[in-house]
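A.B. asks: Input: one structure, supplied below.
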Amino acid sequence: MMELNAADLTTKNIDEGCSSSGCGGSNDQLSHLPEHIREKVHDHPCYSEEAHHYYARMHVAVAPACNIQCHYCNRKYDCANESRPGVVSELLTPDQAVKKVMAVAANIPQMTVLGIAGPGDPLANPERTFDTFRQLTDKAPDIKLCVSTNGLTLPEQVEELCQHNIDHVTITINCVDPDVGAKIYPWIFWNNRRIKGRRGAKILIEQQQKGLEMLTEKGILVKVNSVLIPGVNDQHLEEVSKVVKAKGAFLHNVMPLIAEAEHGTFYGVMGQRGPESLELQELQDKCSGDMNMMRHCRQCRADAVGMLGEDRGDEFTMDKIELMEVDYDDAMQKRAEYHASIETKREAQKNKNNETFISISSIKRHKKKQSRPVLMAVATNGGGIINQHFGHAKEFLVYEASEMDVRFIGHRKVDLYCSGDKTCGETETTLEKIIKTLNGCEAVLCSKIGYEPWEMLEEAGIQPNGEHAMEVIEDAIAAVYIEMVKAGLADKNISDSEMQIRA
Ligand code: CLF
Ligand code: SF4
């Protein structure tokens with residue numbers, strides 16, 4: 001009889017890294033890196049997948065202008081290179097921004113990183129961007145500074161970025177071939193002139209690559225964002241991944257194009273489609289052979305506040321901030337204590353896994369058939385725990401369990417099925433949409449679930465599971481996978497129809 005437990009899977013993932021998975025956001029998966037780099041990403045919710053369960057970021061929208069045009073951008077809204085299109089942020093002066101950061105830091109102790117990501121390009125607004133960074137370096141030294149740019153003026157600004165102690169820079173690089181670039185960027189503004197088409201794209205690409213090399217030479221961690229545009233750069237992004245890795249980029253974040261006609265972008269109006277979840281995953285998997293991939297990006301807005309995926313911006317509008325009294329020395333002390341408690345929790349989790357570790361290879365030893373990977377969806381409120389009611393989930397995290405490990409694949413946004421009031425259970429079309437969004441998943445793990453969604457999920461071949469409430473996500477997924485393996489539900493040669501009958 002095969003004896004396995006959940007830690008078989010998860011500890012391998014944690015201790016040895018999932019080199020096959022490419023889920024390079026986690027610190028432990030980056031254990032091969034020098035200590036000083038691990039420190040830089042340890043509590044950065046974007047650079048470390050594990051950290052995003054515990055730590056928050058905020059953005060301040062201080063940078064209105066942009067020096068290029070992307071076909072997926074409408075200037076009425078935020079820079080779509082790191083933001084969901086169609087979102088408008090409240091523009092702040094640097095002084096207002098600093099006040100806001102200090103107020104948020106005092107009230108959300110999880111907040112470790114301040115990013116400037118729009119609403120235009122931060123480096124096309126150098127005075128406003130650097131004034132904000134300069135003040136924060138002085139007044140809030142415990143906060144990491146982060147910036148995102150299209151890269152056009154990056155080489156000229158690397159020195160200044162270094163002076164402000166900025167350890168994390170994101171460059172959006174959608175292509176390394178000007179012919180592809182000409183399909184994405186109609187023009188750039190360069191040396192006081194508008195330069196169109198391939199010529200403009202070529203300059204942009206050269207500047208991005210030069211900036212990337214200069215930053216990595218200086219020891220600054222560079223994340224590269226790429227917008228996946230089916231039919232335009234989908235066949236090209238593997239090449240982009242290889243090139244940016246060779247030049248020292250730390251992490252690659254391939255994000256889906258979101259193009260809706262109502263956003264008024266060129267692509268939206270032309271009917272250019274965005275990728276399906278599985279298309280995105282497939283490309284991320286292909287790129288992961290060469291790069292650490294970020295898979296937990298939520299395409300935040302340029303004034304986002306809170307954990308990735310949540311937005312607490314309404315609590316921190318300028319009128320509310322003006323009424324807040326902040327003693328930042330006291331706040332820093334409390335933040336340090338809070339971070340220490342988070343680290344104790346993270347450490348305890350690792351030790352727990354170590355205690356119960358049995359090699360995953362025991363799955364193979366005890367079974368005749370090979371097992372196939374299985375996708376599972378999880379409802380969570382954060383903290384790396386299964387702690388959310390199915391009906392309260394606005395997104396599901398998707399993991400893949402296999403004989404090798406449990407790896408994070410991405411998130412899928414959904415409409416709220418149950419608002420917590422009496423309408424729960426009556427929103428059938430919403431449920432149908434959720435089931436469609438969970439396409440490919442064979443189980444959904446949550447803290448609780450109602451009878452109606454349970455039945456419909458089962459009918460759709462997705463097994464609901466509320467037995468692992470308050471357990472660590474990877475442990476719970478491993479446990480469910482092992483049960484499936486034991487029951488023969490994850491055998492490699494099992495057909496879909498047989499699967500459904502057995503379920
Ligand atoms: Fe902001 Fe970007 Fe810094 Fe993170 S966001 S500037 S690296 S602090 Fe993060 Fe948001 Fe994705 Fe950006 S989830 S959109 S990757
Ligand atoms: Fe829009 Fe950002 Fe592109 Fe500028 S860099 S055009 S703000 S998406």
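A.B. asks: Can you name the number of the only condition in (1) crowded, with 24+ Cβ neighbours inside 10 Å; (2) touching a Cys at 6+ places or on another chain (Cβ under 8 Å) that LYS100 fails?
C.D. replies: Tallying (1) crowded, with 24+ Cβ neighbours inside 10 Å; (2) touching a Cys at 6+ places or on another chain (Cβ under 8 Å), LYS100 fails exactly one: (2).
A.B. asks: Quick one: is LEU212 more than 15 Å from ligand 2 (Cβ to nearest atom) and crowded, with 18+ Cβ neighbours inside 10 Å?
C.D. replies: yes
A.B. asks: Count, please, the residues in the range 41-78 that happen to be in a loop (DSSP other than H, G, I, E, B), closer than 15 Å to ILE342 by Cβ and touching a His at 6+ places or on another chain (Cβ under 6 Å).
C.D. replies: The total comes to 1.
A.B. asks: Does GLN299 satisfy the condition of being in contact (Cβ under 8 Å) with a residue 24 or more places away in the chain, within 11 Å of ligand 1 (Cβ to nearest atom), under 22 Å from GLY231 (Cα atoms) and within 16 Å of the chain's Cα centre (by Cα)?
C.D. replies: The answer is yes for GLN299.
A.B. asks: Grab the strands (runs of 3 or more DSSP E) fully contained in the range 106-177, keeping just those with 2 or more residues being within 16 Å of ligand 1 (Cβ to nearest atom) and not assigned by TED's automatic domain parsing to the domain that holds SER241.
C.D. replies: none
A.B. asks: Taking only the range 277-298 into account, find how many residues are more than 22 Å from ILE435 (Cα to Cα) and in contact with a Pro (Cβ under 8 Å, 6 or more places away or on another chain).
C.D. replies: 1
A.B. asks: State which residue is surrounded by the fewest Cβ atoms within 10 Å (Cβ to Cβ) when the search covers only the range 71-80 and only residues that are within 15 Å of ligand 1 (Cβ to nearest atom) and modelled with pLDDT of 90 or more. Full working, then the answer.
C.D. replies: If we filter the range 71-80 for residues that are within 15 Å of ligand 1 (Cβ to nearest atom), which is where we start, we get 72-73, 77-80.
Still in the running and modelled with pLDDT of 90 or more: 72-73.
On the way: TYR72: 22, CYS73: 25.
Looking at the filtered set, the residue picked out is TYR72.
A.B. asks: With respect to ALA103, is the statement that it is in a helix (DSSP H, G or I), away from ligand 1 (no atom under 14 Å from the Cβ) and of a type in the set (A, V, I, L, M, F, W, C) true?
C.D. replies: yes
A.B. asks: Now for a separate question. Could you list, in sequence order, the residues of the range 266-288 that are surrounded by fewer than 14 Cβ atoms within 10 Å (Cβ to Cβ) and out of contact with any Gly (no Cβ under 7 Å at 6 or more places or on another chain)?
C.D. replies: MET270, GLY271, ARG273, GLU276, GLU282, listed by residue number.
A.B. asks: Something else about it: Restricting attention to the range 146-186, which residues are of a type in the set (A, V, I, L, M), at pLDDT 95 or above and away from ligand 2 (no atom under 16 Å from the Cβ)?
C.D. replies: Of everything in the range 146-186, those that are of a type in the set (A, V, I, L, M), at pLDDT 95 or above and away from ligand 2 (no atom under 16 Å from the Cβ) turn out to be VAL158, VAL176.
A.B. asks: Something else now. GLU483: at pLDDT below 90 and either in contact with a Pro (Cβ under 9 Å, 6 or more places away or on another chain) or assigned to a loop (DSSP other than H, G, I, E, B) (or both), yes or no?
C.D. replies: Numbers: at pLDDT below 90: yes; either in contact with a Pro (Cβ under 9 Å, 6 or more places away or on another chain) or assigned to a loop (DSSP other than H, G, I, E, B) (or both): no.
Against the criterion (at pLDDT below 90 and either in contact with a Pro (Cβ under 9 Å, 6 or more places away or on another chain) or assigned to a loop (DSSP other than H, G, I, E, B) (or both)), GLU483 does not qualify.
A.B. asks: Can you pull out every residue in the range 314-345 that is under 23 Å from the mean Cα position of the chain (by Cα) and without any contact (Cβ under 8 Å) to a residue 60 or more places away in the chain?
C.D. replies: ASP314, GLU343
A.B. asks: Another question, then. Regarding VAL98, is this residue more than 18 Å from the chain's Cα centre (by Cα) and more than 15 Å from ligand 1 (Cβ to nearest atom)? Can you show your working first?
C.D. replies: Numbers: more than 18 Å from the chain's Cα centre (by Cα): yes; more than 15 Å from ligand 1 (Cβ to nearest atom): yes.
Criteria met by VAL98.
A.B. asks: Looking at the structure I just gave you, is LYS40 more than 16 Å from ligand 2 (Cβ to nearest atom) and at pLDDT below 90? Before the answer, list the steps.
C.D. replies: Values: more than 16 Å from ligand 2 (Cβ to nearest atom): yes; at pLDDT below 90: yes.
Here the answer is yes, as LYS40 does meet what is asked.
A.B. asks: Which of the residues spanning the range 222-254 are in contact with a Leu (Cβ under 7 Å, 6 or more places away or on another chain) and within 15 Å of ligand 2 (Cβ to nearest atom)?
C.D. replies: Listed by number, the residues that qualify are SER226, VAL227, LEU228, ILE229.
The values are calculated or read from the model by the stated rules, or taken from the named source; none is laboratory data. The model shown is predicted, which means the values in this text are computed figures rather than measured ones. Neighbour counts are summed over all protein chains in view; Cβ atoms, including those assigned to glycine, are modelled from backbone coordinates with ideal geometry.
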